[in-house]
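Heads up, the thing below is written out as structure tokens.
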Amino acid sequence: MNALPPLPALHATHGGIWLATAEGTRALGRGEAIGFVSETPTLLLNAPMVAARLGLSELSGLDLLELFAFVHPARFVVPTPAGMARLLGLEPPKEDALAAAFLREAAGALLARLRDAAWPEREGAWTSAQSLGRLRWPWASLVAPLIEKPAQAERWLFSKLPQWEESGPRPDPRPHRLEEEETLGRLAQLVGRDAEVREGQKAYAVAAARAFDPRDAAGRPHLVLAEAGTGIGKTLGYLAPASLHAAHAGGPVWVSTYTKALQRQLAAESARLFPDDQERREKVVIRKGRENYLCLLNLEDALQGGFQNRAAMLAQLVARWAAYTRDGDMIGGDLPGWLPTLFRRAGSTALTDRRGECVYAGCPHYKKCFIERASRAADQADLVIANHALVMILGSRRVDEGRPLARIVFDEGHHLFDAADSTFAAALTGQETIELRRWILGPESKARGRRRGLAARLLDVASYDEDGHRAIEQASAAARELPSDGWLGRLAEDLPLGPIEKLLAAVRGTTYARASAADAGYGIETHAAELDVGLIEAAAPATEALEALVRRPCRRARI
């Protein structure tokens, strides 16, 4: 049953603006449309886009995409009337003039699903609706009455998420030499019977297979540099021997890419190897950097008051998604890419681990962590698809641990040097240091930021460890030497506080003195040569302040 809400709907395109009410649909001008939506709660589809078409910086209303994210978390819909119609099983509007009326129909269909006994995403919806109601989410008054209160308290999110299980390390891969016929047979399986026969692709696959040969001497891995023209089928050319080696040797092959587009292509091509979805999940794992995954501790902080206003609403919708997501990937996973954009500068990136801030086993959600789960799934997979940066970091780390990545295919290898530069470079900036201060100290005064400092995050670990507690106190004392809120204004007024700000002020002064006027307003830089005495003298105290964070807390800590 369609629960059509008694609300008007507005649809704006470059060709015109239409308003649909219970009385019918009419066209209207931009000025009238702005006045109407300013005074009347109105159904919209993609409010930021509608605002841009009306010439407004922001626009409040009942965004149909927000309702969709609540009703069907972890499902994607093309954010257009036609896309919404396809997913909801409705007749798409045949012209723009009919789209406004369609929005009312689509809203009714989504609201009706809340009463459907077979609604698959019911669990947690009542609890989420109550939280969103307290935040004055525009849809709350329409959604909450349609969701029946569960007889028992809902098992929600942090208690619902499954725990990953620790498994023993896999045995070392078995040596196996791929024969030419075997490789070509797997290639034929991948391309299919009706595919065009490409001799270049076959030669490419046979050549790539030699990279998987058993080693003849320690420290001398087999290396194949292969190049082929566009359209020859390089991806399947190396997937054929790579998948065969993983199956025979019992060890993973890592496929490293530079672009996310190629990662998605590889994930799609893997369906040729493993048509069964469940088997494919086990055999093929996409590994990304930590900054791509939802951090459950950051989400908990946001839900408990770390986010305010619209940002808090986004956190609640992300929590709905987190309970149904396949892998917790916020960037390129099953979180709709349009969801964060609906909240503008609401800080969705603060929900990921962007700055290496994870406390690992010290986190109360460690056993349910999406990042740790992906890491362990990769250890048991046949094919692991990752990017150059992550592969280089893991490769370096695992060599130190005595368990190196044995087989790696670098696709888009010409980008390796750029990836290495960006991965292993370091930057000392005011923004980086203030984030580090907030991570260690937590909230200070009324400043916006994290709700938990390092002491709160490591409470379970350090509460019974005197040395650990002392180490955290020393880290907190050292962190107070880092820049705090208002650092940029103090630099502009030449009133820096603390050794780091004094160094940044000296760098700023030198750069402005040497940069040409044509650089003003853009990235300003100058050569780091023949530096003045004041800048050099400012570097030593700044170095000591940073070293205090690294050395002093770790000297006696056992955490």
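Structural remarks
- Number of positions in the range 367-402 that are touching a residue at least 24 places away in the same chain (Cβ under 8 Å) and open to solvent by 60 Å² or more (accessible area, probe 1.4 Å): 4
- Qualifying residue in the range 284-300 (condition: among the small types (Gly, Ala, Ser), over 30 Å from GLY337 (Cα atoms) and open to solvent by less than 40 Å² (accessible area, probe 1.4 Å)): no
- Counting only residues that are among the small types (Gly, Ala, Ser) and touching a strand residue (DSSP E or B) at 6+ places or on another chain (Cβ under 7 Å), the range 380-428 holds 2 of them.
- Qualifying residue in the range 487-494 (condition: at pLDDT below 85, over 30 Å from GLY305 (Cβ atoms), more than 31 Å from the chain's Cα centre (by Cα) and not in a helix (DSSP H, G or I)): no
- The residue that is farthest from the chain's Cα centre (by Cα), among those in the range 109-132 that are buried (at least 20 other Cβ atoms within 10 Å of the Cβ) and not in a helix (DSSP H, G or I), is LEU114.
- Residues that are open to solvent by less than 50 Å² (accessible area, probe 1.4 Å) and either basic (Lys, Arg) or farther than 16 Å from ARG210 by Cβ (or both), drawn from the range 403-414: LEU405, ARG407, ASP411, GLU412, GLY413
- Residue within the range 198-219 that is of a type in the set (S, T, N, Q), out of contact with any Asp or Glu (no Cβ under 9 Å at 6 or more places or on another chain) and not in a loop (DSSP other than H, G, I, E, B) present: yes
- Restricted to helices (runs of 4 or more DSSP H) entirely inside the range 349-461, those with at least 3 residues that are modelled with pLDDT of 80 or more are 370-380, 388-401, 416-424, 430-441.
- Selection from the range 288-325 of residues that are modelled with pLDDT under 90, more than 25 Å from ILE440 (Cβ to Cβ) and under 15 Å from the mean Cα position of the chain (by Cα): LYS288
- Identity of the residue in the range 179-191, without any contact (Cβ under 8 Å) to a residue 12 or more places away in the chain and either among the acidic types (Asp, Glu) or part of a loop (DSSP other than H, G, I, E, B) (or both), that ends up nearest to HIS248 (Cα to Cα): GLU179
- Hits in the range 229-250 - residues which are within 19 Å of GLU196 (Cα to Cα) and either out of contact with any Phe, Trp or Tyr (no Cβ under 7 Å at 6 or more places or on another chain) or part of a helix (DSSP H, G or I) (or both): GLY229, THR230, GLY231, GLY233, LYS234, THR235, LEU236, GLY237, TYR238, LEU239, ALA240
- Selected residue [open to solvent by 70 Å² or more (accessible area, probe 1.4 Å), in a loop (DSSP other than H, G, I, E, B), closer than 30 Å to ARG75 by Cα and in contact (Cβ under 8 Å) with a residue 12 or more places away in the chain] from PRO138, PRO162, PRO169: PRO162
- For THR230: the one exception among (1) touching a residue at least 12 places away in the same chain (Cβ under 8 Å); (2) more than 30 Å from ARG373 (Cβ to Cβ); (3) polar (S, T, N, Q); (4) open to solvent by 40 Å² or more (accessible area, probe 1.4 Å): (1)
- The number of residues in the range 400-425 that are of a type in the set (Asp, Glu) and under 24 Å from the mean Cα position of the chain (by Cα) comes to 4.
- Subset of the range 42-63 (residues that are surrounded by 14 or more Cβ atoms within 10 Å (Cβ to Cβ), assigned to a loop (DSSP other than H, G, I, E, B) and of a type outside the set (Gly, Ala, Ser)): THR42, LEU45, ASN46, LEU56, LEU59
- Restricting attention to the range 141-159 and to residues that are modelled with pLDDT under 85 and open to solvent by 100 Å² or more (accessible area, probe 1.4 Å), the residue that is nearest to ARG326 (Cα to Cα) turns out to be ARG155.
- ALA106 vs. criteria assigned to a helix (DSSP H, G or I) and within 25 Å of ALA315 (Cα to Cα): yes
- Considering ARG86, ARG75, the condition of being surrounded by fewer than 21 Cβ atoms within 10 Å (Cβ to Cβ), of a type outside the set (Phe, Trp, Tyr) and not in a helix (DSSP H, G or I) is satisfied by ARG75 alone.
- Tabulated pairs, the range 464-476, first under 16 Å from VAL550 (Cβ atoms), second basic (Lys, Arg) and part of a loop (DSSP other than H, G, I, E, B), C-beta under 6 angstrom, 6+ apart or interchain: GLN474/ARG552
- Selection status of LEU28, without any contact (Cβ under 8 Å) to a residue 60 or more places away in the chain and touching an Asp or Glu at 6+ places or on another chain (Cβ under 9 Å): no
- When residues of the range 251-275 are limited to those that are among the small types (Gly, Ala, Ser) and assigned to a helix (DSSP H, G or I), the one least open to solvent (accessible area, probe 1.4 Å): SER270
- Considering GLY328, GLY306, the condition of being touching a strand residue (DSSP E or B) at 6+ places or on another chain (Cβ under 7 Å), touching a residue at least 12 places away in the same chain (Cβ under 8 Å) and either open to solvent by 20 Å² or more (accessible area, probe 1.4 Å) or farther than 28 Å from SER60 by Cβ (or both) is satisfied by GLY328 alone.
- Qualifying residue in the range 227-246 (condition: closer than 29 Å to ARG320 by Cα and of a type in the set (D, E, K, R)): no
- Top-ranked residue in the range 496-533 [being modelled with pLDDT of 85 or more and open to solvent by 100 Å² or more (accessible area, probe 1.4 Å); ranked as nearest to ARG437 (Cα to Cα)]: LEU497
The values are calculated or read from the model by the stated rules, or taken from the named source; none is laboratory data. Bear in mind the structure is a predicted one, so any value in this text is a computation, not a measurement. Cβ atoms come from the backbone with ideal geometry, glycine included; neighbour counts cover every protein chain shown. The protein model used for the area step is the full one, side chains on, heavy atoms only, and it has no ligands, DNA or RNA in it. Shrake-Rupley method; radii C 1.70, N 1.55, O 1.52, S 1.80 Å.
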